[in-house]
1. Non-local amide H neighbours of T263 (under 5 Å, H modeled in plane, Pro and chain starts lacking H): which ones?
2. Dipole magnitude of region 145-254 about its Cα centre, charges +1 at Lys/Arg Cβ and -1 at Asp/Glu Cβ only, in debye to the nearest 20?
3. Taking the Cα centre of region 211-260 as origin, sum charge times position over the Cβ atoms of Lys and Arg (+1) and Asp and Glu (-1), and report the length of that vector in debye to the nearest 20.
4. Rounded to whole Å, give me the distance from the Cα center of region 79-126 to that of region 333-355.
5. How high is the relative contact order of region 178-336, in percent, counting Cα pairs under 8 Å that sit 6 or more residues apart?
6. In the neighborhood of A298, defined by Cβ-to-Cβ distances under 10 Å, what is the net charge if each Lys or Arg adds +1 and each Asp or Glu adds -1?
7. What FRET efficiency do you get for E248 and E141 if R0 is 25 Å and r is their Cβ-Cβ distance, rounded to the nearest 0.05?
8. Farthest toward the dipole's positive end in region 198-355, which of I339, L258, I238, given Cβ charges of +1 (Lys, Arg) and -1 (Asp, Glu) about the Cα centre?
Amino acid sequence: MHKDEAPDESGAVPMGLIRLAASEGQGRQAHAHLEASNNFPLCPTLKLLEVEDSNDDSETIAHRDHFVDMLLKYKIKFDGLDADEHRLEAHHAAQSLEGLSWALAITLHFGITGDIRERGDLSKSAKVFLLPPKRGSFISELNVIVQDNPFLALTAGAYAMNTVTPYINGLIKYTFNNALGEGGDFPTGAKRMLRKLKGDDLDTLITRIEPPLTRAHSVIGNTAETVTFKSQKNSIAILDEKTKSYLEAKPSGRFDTLDTNVTSFNLLTGNGRVFEPDERETVAFSLSNNLKSKSRSALIASMEHYDLGHRGTIRIVAERVETDATRLKKLIITSAEEIPTSDWTDELDPMRSRR
């Protein structure tokens, strides 16, 4: 730990401690690039310290008065094809890095502010920096600088490394893997924090990061076989041919008629999730441009009754969005209605009877 410098003649408190992650075993002077923000104005005095290695996922990198920045460190590892020769085709590599970093930025913006965006200015409370690739292998590093924010502190429970790090990593892992078709529940260590977030918002976020994650697959099959995104300790997401195929799934022209229930539905976006009996899990859905009248009302009623502990079962007709291997990605609903009384079982109302 280094002592803070004394205030300069202007009375401003200089920045005290700067620590940046080092590439394995490399000792070099840190070149810090910090930008002004409303929360963290640039200090007139900046003290550069020698880089220190750390095995932690995050560390304090700067303090000014009682304000503390955190540094979260990530790696992007390319394997297979040209990557095994320690090189990548520039165009594909640039597209992959842009897509992955933009998906990360959108996710961080939501995690820190609670706001979902896909374009425009993102919060200055989180910034993503790309470090030079390591020698001897094709591994790129991303450093994320996180600043305190009311939404972040409320959701994580406290602005501290042992709360912010598992929360951010858990959010990235959950949203990335669901967008990639790998599914999974909230990661252990982040469940309590992630449960504070609205399910509809998470579903919308997953939809928003699909386009940049699709671009992140540009190297796959062209100049690398896999891309692994990982924290300092754990793998967060793996991109490969399987996840690429999932993201590139297209409407199949095949329609299913399902008696099912709506588990979530966002009225603004028209996106939600329904239980798919054959898959034995919930799947995403969107609404067709040719949606039949009163279908929205049926979807809302199903969700509301399900939330009340009723079965909430309705009948939907939907087009399947599938991969080339016919793996289901989502449904595009063309109609939704209550099940006719002639189709009830044992005269039980499938919408309003208790589960």
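Since every read-out is calculated from the coordinates, none of them should be taken as a lab result. In this text, all values refer to a predicted model and were calculated from it rather than measured experimentally. For neighbour counting, all protein chains shown are included, and Cβ atoms are generated from backbone atoms with ideal geometry for every residue, glycine included.
1. Amide H neighbours of T263: R273, V274, F275.
2. On the way: 14 positive and 11 negative charges, 40 e Å.
Dipole of region 145-254, to the nearest 20 debye: 200 debye.
3. Working: 7 positive and 6 negative charges, 47 e Å.
Computed charge dipole of region 211-260: roughly 220 debye.
4. So the separation of the two Cα centres works out to 45 Å.
5. Working: 260 pairs, mean separation 34.7, N = 159.
Computed over region 178-336, the figure is 22 percent.
6. Details: positive: K292, K294, R296, R315; negative: E337, E338.
Combined, the nearby Lys, Arg, Asp and Glu give +2.
7. Numbers: r = 28 Å, r/R0 = 1.12.
Rounded to the nearest 0.05, the efficiency is 0.35.
8. I238
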